[in-house]
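Here the structure comes first, spelled out in structure tokens, and everything after it is commentary.
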Amino acid sequence: MTAVEQARALIARMTLAEKAGQVSQAFAVPFLPPVDQAVAEGRLGSLLFVPDPARINQYQRLAVEQSRLGIPLLFGFDVIHGLRTIFPVPLGLAASFDPGLVEQAQAAAAAEARASGIHWAFAPMVDIARDPRWGRIVEGAGEDPHLGSEMAAAQVRGLQGAAIGTPGRVIAGPKHFLGYGAAPGGRDYEPVSLSDAEIRNVYLPPFEAAIRAGAGNIMSAYMDINQQPAVASKSLLDDLLRGELGFDGFVVSDANGVQNQVAQHFAADEAEAAARALLAGNDMEMALGPNAFARLPELVEQGRVPEAVLDRAVERVLVAKIRMGLFDHPYVDEGEAARVLAEPAHRQLAQQAAERSLVLLHNREGALPLTPGAARRVAVIGPLADSVADTLGPWVFVPDKAETVTVARGIAERLAGVAEVTVEPGVQLRRAIASGLEAFGPPQRAWTDAEAEARFAAAVTAARAADQIVLVLGEAQSQSGERASASDLKLPGEQLALLDAVLATAKPVVLVLLAGRPLDIGAILPRVPAVLMAWYPGTRGGTAVARALFGDVNPGGKLPVTWPRSVGQVPIHYARSHTHTPDRAGSLYHDAPSTPLFSFGHGLSYTSFRLDPPVLDQPVLAPGGAVTVSTRVTNIGTLTGDEVVQLYVHQRAGRAMRPARELKAFQRVTLAPGESREVRFCIDGETLSYWNASERRTLLDPGRFDLWIGTSAEAELHLELTVA
Ligand code: GLC
């Protein structure tokens, strides 16, 4: 029997209450009502936030041995950038511009999750974000649909493998469908208004790529889009997601997303909310307690929800369980879990991922790399220098804290025997306003005034006594992620005062930034010779940062987001359309330049590269044909390093205005000094097509196109292509 036939045979035996149970998911966490009874009575089909193998087996035994039909539970969890071994946050992974590496990282994360008994990751988060005030920009791949699509597909392949049910892999659940990152003002959960063209050409592509890669689940978004909550939008969840994209898995709401329709003043009551979500195509309800889908049996009996619609949702969930083999193997091997979670290869991969995600933003007169031992006394100063939580970043729940290498520890280990390393936080970083999600994160005690004064003085003393200072500044884990929108991008807290005090010692300083978004460092740049962006680098982040600071590894990451000069420029991204002043002559603001501090795709290296003028194998793209643009990249410096060659395109004229530049291809290459490599990109009709709002279809405009090859969105090597 096929999975669908097995599911239908089971559905034929299920009561309405059992059907409603299968499409209900609950948090199983200590501070919410216990779920044991509901599981034993078949009123829940899935649990989340249970990462412990033994507890997973306990709940699973209740479902399999006590409920009437013994249908196994599906366990989901936020495995966003690792479970026990933590990889760089997704924005950092995107900065690697290395989809192959990202696929490997998510495969390791999947191995740890699956071994723990988790069947489903609420990942990858694929929301395009063009406003760094939005805290969840950290969770995605940044501003660009092409980079976002490549990273979405790579993560689905890594998490899920070639097919659902692949051993050691989990169901991938791209989220949040759709447009969550377009929150006005960067304010989390804010209602979103997007044109069809923006939806189709900017926010949808990463989901299309994730679905093409086989994603088995989609999570609908919290907010309303164009005045309709995504969770109850049939045009999104049925017409677009299934009708056009061909998604054949199951859709889960975000936490309380179904009943939130009442709070959003869309549904009159919980029963209406349940009906609207299910009818729209939101198959499963994730809830933090009593859930709206418990009303489904009465809604079916009242005729407000056809039983066939409920059966459709139940079937999608059962098919996922059958394809994951849960009916044959519902339990997890707790011994195997311990072995996989301790897998040294995962730590190695985490270090490699962290090294490849580092972006060297600024490096005046080769201030970096430092020479190990050149300075006898090195002071590592800053609130993020030796903080495990802030090295790992948000969306981390069961990390291996002892295994986590902070920047301070990484530097101390790297300089063992050749220098004396002192570590001082200097200041403490705390949210000014609580998020309400504190139950999910590590507790933090505020320093007393006396402590704060003493710590600040100790940092200045350490700076004075040092020959070299490494400042580690940025934003705390609690100031990034969900409900962590920022009204300003300046370094939070008293970090600027600390920086001023450290610079006043006139000792050599380099700056390492740990953050989940671009921060306002414009005023700092002229005062600090080098800045390394490390995002939140994960379990081996400190080792990676130390190896980069001391030249063992040459940073080669690039920015997946435009880096604004100030919050006043936001939203800002490179792919804007031409205006009648295309050259942006002068500045459109009267008080500041209109250009960003750093462009999308920007990233320096300890070596230098030369790109030869690109060539096209033919100047005209014939209908149905393809052309190849190639260039040769040469390492003209003295150290091995990586460069990311990028291809941008622009359509000169057509049936819609298209962005002044759009990334359409990239390739990261590693070259030894003097080595060169040819890089070739294929361009066909699909590369240059877009969804046209007037004609409501994807089309290709004939005519002249600009191509640029370079190493950031400011690429200058230009070619012209004619599309016949
Ligand atoms: C959160 C997030 C979602 C996450 C879910 C479960 O509120 O919006 O991304 O997967 O709830 O933690």
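The values are calculated or read from the model by the stated rules, or taken from the named source; none is laboratory data. If you're wondering where the values come from, they're calculated on a predicted model, not measured in any experiment. FYI the Cβ positions are ideal-geometry reconstructions off the backbone, even for glycines, and counts take in every protein chain you see. In case anyone asks, the SASA skips ligands and DNA or RNA and just uses the protein heavy atoms, side chains included. Shrake-Rupley method; radii C 1.70, N 1.55, O 1.52, S 1.80 Å.
So, in segment 441-458, of the ones that are open to solvent by less than 60 Å² (accessible area, probe 1.4 Å) and within 26 Å of Arg483 (Cβ to Cβ), which residue ends up modelled with the lowest pLDDT?
Out of the qualifying residues, it is Gly441.
Just give me the residues in segment 337-390 being at positive phi and open to solvent by 20 Å² or more (accessible area, probe 1.4 Å), in sequence order. Lay out the reasoning, then the answer.
Residues of segment 337-390 that are at positive phi, as a first pass: 365-366, 373, 382.
Matches in segment 337-390: Glu365, Gly366, Gly373.
Condition (residue is closer than 22 Å to Ser478 by Cα and under 16 Å from the mean Cα position of the chain (by Cα)) applied to segment 150-170: is it met by at least one residue?
Filtering segment 150-170 down to residues closer than 22 Å to Ser478 by Cα leaves none.
Scanning segment 150-170, I find no residue that is closer than 22 Å to Ser478 by Cα and under 16 Å from the mean Cα position of the chain (by Cα), so the answer is no.
If we scan segment 699-710, do we find a residue that is over 26 Å from Phe598 (Cα atoms), open to solvent by 70 Å² or more (accessible area, probe 1.4 Å), basic (Lys, Arg) and assigned to a loop (DSSP other than H, G, I, E, B)?
Here is the first cut: in segment 699-710, the ones over 26 Å from Phe598 (Cα atoms) are 699-704.
Next, only the ones that are open to solvent by 70 Å² or more (accessible area, probe 1.4 Å) stay: 702, 704.
Next, from what is left, pick out any that are basic (Lys, Arg): 704.
In the following step, the residues that additionally are assigned to a loop (DSSP other than H, G, I, E, B) were identified as none.
Checking segment 699-710: not a single residue is over 26 Å from Phe598 (Cα atoms), open to solvent by 70 Å² or more (accessible area, probe 1.4 Å), basic (Lys, Arg) and assigned to a loop (DSSP other than H, G, I, E, B).
Got a sec? Which of Ala163, Ala183, Ala141, Ala154 is touching a strand residue (DSSP E or B) at 6+ places or on another chain (Cβ under 7 Å) and either closer than 30 Å to Leu326 by Cβ or at pLDDT 95 or above (or both)?
Going through Ala163, Ala183, Ala141, Ala154 in turn, just one is touching a strand residue (DSSP E or B) at 6+ places or on another chain (Cβ under 7 Å) and either closer than 30 Å to Leu326 by Cβ or at pLDDT 95 or above (or both): Ala183.
For the structure I just gave you, tell me whether Ser96 is buried (at least 24 other Cβ atoms within 10 Å of the Cβ), among the polar types (S, T, N, Q) and away from the ligand (no atom under 16 Å from the Cβ).
Working: buried (at least 24 other Cβ atoms within 10 Å of the Cβ): yes; among the polar types (S, T, N, Q): yes; away from the ligand (no atom under 16 Å from the Cβ): yes.
Considered against the rule, which asks whether it is buried (at least 24 other Cβ atoms within 10 Å of the Cβ), among the polar types (S, T, N, Q) and away from the ligand (no atom under 16 Å from the Cβ), Ser96 comes out as yes.
Take the residues of segment 245-272 that are away from the ligand (no atom under 16 Å from the Cβ) and within 18 Å of Asn226 (Cα to Cα): which is least open to solvent (accessible area, probe 1.4 Å)?
Only one residue fits best here, namely Ala267.
Give me the pairs, please: first residue somewhere in segment 696-723 and more than 29 Å from Phe609 (Cβ to Cβ), second residue anywhere and open to solvent by 80 Å² or more (accessible area, probe 1.4 Å) and assigned to a strand (DSSP E or B), beta-carbon distance under 6 Å, and either six or more positions apart or on two chains.
Thr722/Arg704
Which residues, counting only those in segment 190-225, are open to solvent by 20 Å² or more (accessible area, probe 1.4 Å) and without any contact (Cβ under 8 Å) to a residue 60 or more places away in the chain?
Scanning segment 190-225 gives Glu190, Pro191, Ser193, Glu198, Glu208, Ile211, Arg212, Gly214, Tyr222, Asp224.
Say we look at segment 58-76 and pick out the residues that are of a type in the set (A, V, I, L, M) and in contact with a Lys or Arg (Cβ under 9 Å, 6 or more places away or on another chain); which of these is farthest from the ligand (Cβ to nearest atom)?
The initial filter retains those residues of segment 58-76 that are of a type in the set (A, V, I, L, M), namely 62-64, 69, 71, 73-74.
Now narrow it down to the ones that are in contact with a Lys or Arg (Cβ under 9 Å, 6 or more places away or on another chain): 69, 71, 73-74.
Numbers: Leu69: 27, Ile71: 22, Leu73: 16, Leu74: 14 Å.
Once the filter is applied, the top-ranked residue is Leu69.
Can you pull out every residue in segment 106-139 that is assigned to a helix (DSSP H, G or I), under 13 Å from the mean Cα position of the chain (by Cα) and more than 15 Å from the ligand (Cβ to nearest atom)?
Filtering segment 106-139 for residues assigned to a helix (DSSP H, G or I) gives 106-116, 135-139.
This time we only want the ones that are under 13 Å from the mean Cα position of the chain (by Cα), so: 106, 135-139.
Gln106 - this is the single residue of segment 106-139 that is assigned to a helix (DSSP H, G or I), under 13 Å from the mean Cα position of the chain (by Cα) and more than 15 Å from the ligand (Cβ to nearest atom).
Pick out the one residue from Ile80, Ile11, Ile86 that is buried (at least 22 other Cβ atoms within 10 Å of the Cβ), among the aliphatic types (A, V, I, L, M) and more than 16 Å from the ligand (Cβ to nearest atom).
Values: Ile80 fails: more than 16 Å from the ligand (Cβ to nearest atom); Ile11 fails: buried (at least 22 other Cβ atoms within 10 Å of the Cβ).
The unique qualifying residue is Ile86.
Just one of (1) assigned to a loop (DSSP other than H, G, I, E, B); (2) over 25 Å from Ser712 (Cβ atoms); (3) open to solvent by 10 Å² or more (accessible area, probe 1.4 Å) trips up Gly185, so point out which.
The one condition Gly185 does not meet is (1).
Let me confirm something: among Asp254, Asp238, which residue is in contact with a Gly (Cβ under 6 Å, 6 or more places away or on another chain) and within 24 Å of Leu318 (Cβ to Cβ)? Give the steps one after another, and end with the answer.
Values: Asp254 fails: in contact with a Gly (Cβ under 6 Å, 6 or more places away or on another chain).
So the residue among Asp254, Asp238 that is in contact with a Gly (Cβ under 6 Å, 6 or more places away or on another chain) and within 24 Å of Leu318 (Cβ to Cβ) is Asp238.
I'd like the full set of residues that are among the aliphatic types (A, V, I, L, M), within 16 Å of the ligand (Cβ to nearest atom) and assigned to a loop (DSSP other than H, G, I, E, B), limited to segment 17-57. Even if it seems obvious, please write down each step before you answer.
Taking segment 17-57 and keeping what is among the aliphatic types (A, V, I, L, M), we get 17, 20, 23, 26, 28-29, 32, 35, 38-40, 44, 47-48, 50, 54, 56.
Of the ones still in play, those that are also within 16 Å of the ligand (Cβ to nearest atom) are 26, 28-29, 32, 35, 44, 47-48, 50.
Scanning segment 17-57 gives Ala28, Val29, Leu32, Val35, Leu44, Val50.
Kindly establish whether Arg130 is among the basic types (Lys, Arg) and open to solvent by 10 Å² or more (accessible area, probe 1.4 Å). Before the answer, list the steps.
Numbers: among the basic types (Lys, Arg): yes; open to solvent by 10 Å² or more (accessible area, probe 1.4 Å): yes.
When the stated conditions are applied, Arg130 passes them.
Quick one: would you say Leu299 is within 16 Å of the ligand (Cβ to nearest atom) and closer than 18 Å to Arg43 by Cα? Give the derivation first.
On the way: within 16 Å of the ligand (Cβ to nearest atom): no; closer than 18 Å to Arg43 by Cα: yes.
The answer is no for Leu299.
What's the number of the condition Arg696 fails, among (1) among the basic types (Lys, Arg); (2) under 21 Å from Thr579 (Cβ atoms); (3) open to solvent by 50 Å² or more (accessible area, probe 1.4 Å)?
Failed condition: (2).
Quick test of your reading of the structure: Phe177 fulfils all but one of (1) buried (at least 24 other Cβ atoms within 10 Å of the Cβ); (2) within 25 Å of Leu101 (Cβ to Cβ); (3) in contact with a Phe, Trp or Tyr (Cβ under 9 Å, 6 or more places away or on another chain). Name the failing condition by number.
(2)
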